[in-house]
Amino acid sequence: MTEAHKFVDIRHAQKAYGDLEVLKDISLTVDRGEIVAIIGPSGSGKSTLLRAINDLDSLTGGEVWLDGVQINKDLPYRQYEKHINAMRQQVGMVFQHFNLFPHLSVRDNVTMAPKLLKGLSDKEADKLAEEQLNHVGMLERIDYYPSQLSGGQKQRVAIARALAMQPKLMLFDEATSALDPELVEEVNLVMKRLAEEHMTMIIVTHEMDFAASVCDRVIFMDKGVVVEQGPPSVVFQNPTEERTKEFLRKHLAQHHAQNAAEAAALTAAQTNEGAK
Amino acid sequence: MGLDFTVVPAYLDTILIGVLWTIAITVCAALLSFFGGILFAVIALYAPWFLRLPVRLFAWLFMGTPLLLQLFLIYFGLVELGIDLPAFVAGVIGLGLHFAVYNSELIQTAILAVDNGQMEAARTLGCSRAQALRKVVIPQAVRDVIPPIGNNMIALLKDSALVSVIGVSELTLSSQLAIGRTYRPFEFYAVAAVFYYVVNLGMEAVMRRIERKTSLSR
Ligand SMILES: Nc1ncnc2c1ncn2[C@@H]1O[C@H](COP(=O)(O)OP(=O)(O)O)[C@@H](O)[C@H]1O
Ligand SMILES: [Mg+2]
């Protein structure tokens, strides 16, 4: 079946906070099943763009369409609330700081929305929770509370919670940035798995290796505009724009410095151990 | 004339019935103040002005005037408007609403302190704002104020003595009855004090239990 419309279609997105223009007329599209990474320096508007897709931050201009339906429709308040709640059910979002519900068990984190919004019975909800948690390798922790989990485990539960609403599109905003380095891989694995299942994903990330290995396309943003986009092999190895080159260079240097610092810390720790 | 506690046992059943009334009025008023406090907090923060304004006024009245006066107003004053409440009901309403106002202040602060990411996470799943408040924000706010609400409930228990003045035969009034018969104020007030203290301990134990039960959910 050919689609008359683009799956995700962002048209002339603009966002300003007072005089500060955070998004400057951004247009881009994402196909069904496509996996897109958004990279760029901090403050370039990546989160704002991602959050505009489910209208968590409303645009000051432009349109966002999902699967032929405009998300940020101009409707009277009540009608708009109804419309946006229905749209958001189709878009899963994963946050840097997980935002799990601390007062609910892992099971209830996953089943709260499906029970409330889709009227699932307790039994159906339990089945759903077991499936989704099994999918992210967290089934054994189903009766734990978020406070009893590691960061990587929390993020995997947060992914399961989003997937439990059976979204068409998943948004990840630096899903691994808050994690200790040794916990990053378990979350990346879950995301890779989703990629293999052809979930449409838009991933804001600082991890170039991950973006290169998982994504079909990389978008480089800076100062509220899309500077460059293309397949990872092109954007990472052969960028055309000067700003992209500079960003990647800086990022690489930082990455090396960080690795060196970590290695130094490790050596210091080992020396200390030895001295004891 | 020395103290003589041997007069107490003859009135023990009167006193114990008073204890039961004290517990009954405290529990009923505590429940009213708890749920009323949540309701007032939500109205104060989120309702349109025509609901918010009366609740503000009402809160100001209940915080700025003596509880004793409020009880008189509800029990004796409302009769003039054709509302003739039983003393127990009037006492529960007076105490309950009075402490609901104080609980509401605590809960409002706690609601505003819940991390905004919680509301956002619920909204991205498709919850309406009301659903997110009900399922995510308010439960966390309430959980966070359990200790100070517990303190309010202890204050409520002590203030429940005031409903003796509108004729609810709770612990204070039953002690006064016994004193009226025996002319032994020290003995019976001392006994009443002990019973208040025991009920107080019981309430604190319940509060600790609730706190323990919610400790994992932080
Ligand atoms: N609520 C807000 N009010 C004012 N400025 C904001 C707000 N949110 C974000 N910004 C600004 O918008 C710019 C882009 O932010 P963001 O989208 O978070 O960038 P990124 O995710 O790429 O680091 C930043 O300069 C930030 O300070
Ligand atoms: Mg960001």
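Ordering B:167-173, B:207-213 by mean Cβ neighbour count within 10 Å, with the highest value first, yields B:167-173, B:207-213. Of the residues B:VAL165, B:VAL79, B:VAL199, the one that moves most in a GNM of chain B with alpha-carbon contacts below 10 Å is B:VAL79. Computed over segment A:98-196, relative contact order equals 33 percent, with contacts defined as Cα pairs under 8 Å that lie 6+ residues apart.
Only the Cβ atoms of Lys and Arg (+1) and of Asp and Glu (-1) were treated as charged; on that basis the dipole of chain A about its Cα centre amounts to roughly 460 debye. By accessible area, using a 1.4 Å probe on protein heavy atoms only, segment A:57-154 has 47% of its surface on carbon and sulfur.
Distant-in-sequence amide contacts of A:GLU228, defined by a placed amide H-H separation under 5 Å and a gap of 5 or more residues or a different chain, comprise A:PHE220.
Okay, helix-only estimate at 222 nm for the protein assembly as shown: each DSSP H run of n ≥ 4 adds -39500 (n - 2.57), divide by all residues, round to 500 deg cm²/dmol; what do you get?
-18500 deg cm²/dmol
Roughly how many debye, to the nearest 20, is the charge dipole of the protein assembly as shown about its Cα centre, given +1 on each Lys and Arg Cβ, -1 on each Asp and Glu Cβ, and no other charges? Walk me through the numbers on the way to the answer.
Values: 45 positive and 52 negative charges, 157 e Å.
Here the size comes out at about 760 debye.
Under the definition of partner shielding as Cβ atoms of other protein chains within 10 Å of a residue Cβ, what is the mean value for peptide B:112-125?
6
For segment B:1-144, a crude dipole built from +1 on the beta carbon of Lys and Arg and -1 on the beta carbon of Asp and Glu, taken about the Cα centre, is about 700 debye to the nearest 20. Of the residues A:THR176, B:SER104, A:ALA164, the one whose Cα sits farthest towards the positive end of the charge dipole of the protein assembly as shown is B:SER104 (charges of +1 on Lys and Arg Cβ, -1 on Asp and Glu Cβ, taken about the Cα centre).
When the Gaussian network model of chain A links Cα atoms closer than 10 Å, the mean-square fluctuations of A:HIS135, A:HIS256, A:HIS103 top out at A:HIS256.
Buried accessible surface for the B/A chain pair comes to about 2100 Å², total over both chains, computed with a 1.4 Å probe. The angle between the Cα long axis of helix B:185-213 and the main principal axis of chain B comes to about 20°, on a 0 to 90 degree scale. Comparing A:LEU75, A:LEU49, A:LEU163 in a Gaussian network model of chain A (Cα springs below 10 Å), the most mobile by mean-square fluctuation is A:LEU75.
Counting Cβ atoms of other protein chains within 10 Å of each residue's Cβ and taking the mean over peptide A:193-203 gives 0.
Straight-line reach from A:LYS123: taking Cα to Cα under 26 Å and skipping same-chain neighbours fewer than 8 places apart, the lysines in range are A:LYS115, A:LYS154, A:LYS168, B:LYS135, B:LYS213.
Using the membrane-span-like helix rule (whole DSSP H runs, Cα extent along the own axis of at least 20 Å, mean Kyte-Doolittle hydropathy at least -0.5), which helices of chain A qualify? Passing helices, by number: A:181-196. Peptide A:97-107 shows a mean partner chain C-beta count of 5 within 10 Å per residue C-beta. Over segment B:8-213, accessible surface divided per residue gives 49 Å², non-protein components excluded, 1.4 Å probe.
Structural descriptor for segment B:48-187: relative contact order 24 percent, calculated from alpha carbon pairs under 8 angstrom and at least 6 residues apart. With angles folded into 0 to 90 degrees, how steeply does helix B:171-182 sit against the dominant principal axis of chain B? Use alpha carbons for both and round to 10. Result, in degrees: 10.
The fraction of accessible area contributed by carbon and sulfur in segment B:8-213 is 70 percent, rounded to a whole number (1.4 Å probe; ligands and nucleic acids excluded).
Our note on the geometry: Cα centres of segment A:42-57 and segment A:218-260, 19 Å apart.
Placing unit charges on each Cβ (+1 for Lys and Arg, -1 for Asp and Glu) gives the protein assembly as shown a dipole about its Cα centre, and among A:CYS215, A:GLY33, A:PRO114 the Cα reaching farthest toward its positive end belongs to A:PRO114.
Just to be sure I understand: of the beta bridges DSSP finds with both ends in chain A, what percent are antiparallel, rounded to 5?
So the antiparallel bridges amount to about 55 percent of the total.
The values are calculated or read from the model by the stated rules, or taken from the named source; none is laboratory data. The shown structure was predicted, so the numbers you read here are calculated from the model rather than taken from an experiment. Here Cβ is always computed from backbone atoms with ideal geometry, including for glycine, and neighbour counts include all displayed protein chains. Ligands, DNA and RNA are stripped out before the accessible areas are found, and what is left, the full protein with its side chains, is counted by its heavy atoms. Shrake-Rupley method; radii C 1.70, N 1.55, O 1.52, S 1.80 Å.
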